[in-house]
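**Q** Mind looking over this structure? Questions follow.
A short reminder: the numbers here are calculations on the coordinates, not readings from a lab. Remember, it's a predicted structure, so these values are computed and weren't measured experimentally. Note that each Cβ is placed from the backbone with ideal geometry, even for glycine, and that neighbours are counted across all protein chains shown.
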Amino acid sequence: MNKISFGTEGYRGIIGYDFNFQTVERIAKAISGYISENKGKKLLIGYDTRFLSKEFAQHAANTAAKQGLEVLLSESFCPSPVLSNATKGLHFNGGIMITASHNPPKYNGIKFKSHYGGAVPTEVTNRLSELVSKTPGEDTRPDEYNETIDIKYIYRQDIERFIDRKLHGKKRLNSRHRHCTRW
């Protein structure tokens, strides 16, 4: 059983070596335990487009649900700010984002977002490291998780509240910005 310690916002490792389904399960159990010990019960999970991110997210969702949390999974990939926005806006007790951020493609990771959508403080990552160290690794088969929500839609709605429709309503995005509207 490898040692898992949290750094800035979470844990990252090489896919298939120190980041695998067993690691995801141990971390999801620790996060679930942390949320429960702080009287929480709701967890939101998102994932990016890295190799196996969706499957890791589904495994984290199943694991957290088995720990007694109410869990919703993003219905598709999303960037971290989308998860943060929905975690805060929908009043979840925390959010898990499966991503390795800026790290090379062979890495993946888990970020834990607070109820306010931001990074958790060091004392929380220290507590998570402590909980993970007490969590045995199991060889549970990954399975699909079907309790999903479209958090990208929520993000778009929130952004649109800041747009002055009268001012921008008739303008079209130029071709170099069109990709921004396709989610």
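**Q** Out of all the residues in segment 123-145, which are of a type outside the set (D, E) and over 15 Å from G10 (Cβ atoms)?
**A** Matches in segment 123-145: S133, K134, T135, P136, G137, T140, R141, P142, Y145.
**Q** Checking P105 against (1) surrounded by 23 or more Cβ atoms within 10 Å (Cβ to Cβ); (2) in a loop (DSSP other than H, G, I, E, B); (3) not polar (S, T, N, Q), which single condition isn't satisfied?
**A** All conditions pass for P105, except number (1).
**Q** Please go through segment 124-159 and pick out each residue that is in contact with a strand residue (DSSP E or B) (Cβ under 8 Å, 6 or more places away or on another chain), more than 24 Å from F19 (Cβ to Cβ) and in a helix (DSSP H, G or I).
**A** Selection gives K152 alone.
**Q** What pairs come up if the first residue lies in segment 123-148 and is free of Cβ contacts under 8 Å to residues at least 60 places away in the same chain, the second is small (G, A, S), and their beta carbons are under 7 Å apart, counting only those six or more places apart or on different chains?
**A** none
Conditions tested, residue by residue: (1) charged (D, E, K, R); (2) assigned to a loop (DSSP other than H, G, I, E, B); (3) within 18 Å of I149 (Cβ to Cβ).
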{"position": "K3", "(1), (2), (3)": "yes, yes, no"}
{"position": "G13", "(1), (2), (3)": "no, no, no"}
{"position": "R26", "(1), (2), (3)": "yes, no, no"}
{"position": "G33", "(1), (2), (3)": "no, no, no"}
{"position": "I45", "(1), (2), (3)": "no, no, yes"}
{"position": "T49", "(1), (2), (3)": "no, yes, no"}
{"position": "K54", "(1), (2), (3)": "yes, no, yes"}
{"position": "A61", "(1), (2), (3)": "no, no, yes"}
{"position": "G68", "(1), (2), (3)": "no, yes, no"}
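**Q** Next question, about the same structure. I'm trying to understand the selection: among the residues of segment 33-63, which are under 12 Å from the mean Cα position of the chain (by Cα) and among the aliphatic types (A, V, I, L, M)?
**A** L43, L44, I45, A57, A60, A61
**Q** Check V82, V120 and return the single one that is of a type in the set (A, V, I, L, M), more than 18 Å from F6 (Cβ to Cβ) and either surrounded by 21 or more Cβ atoms within 10 Å (Cβ to Cβ) or touching a Phe, Trp or Tyr at 6+ places or on another chain (Cβ under 7 Å) (or both).
**A** On inspection, the qualifying residue turns out to be V82.
For every residue, the table says whether it meets (1) without any contact (Cβ under 8 Å) to a residue 60 or more places away in the chain; (2) out of contact with any Gly (no Cβ under 8 Å at 6 or more places or on another chain); (3) crowded, with 19+ Cβ neighbours inside 10 Å.
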site	(1), (2), (3)
F19	no, no, yes
Q22	no, no, no
I31	no, no, yes
E37	yes, yes, no
K41	yes, no, no
F51	yes, yes, no
A60	yes, yes, yes
A64	yes, yes, yes
Q67	yes, no, no
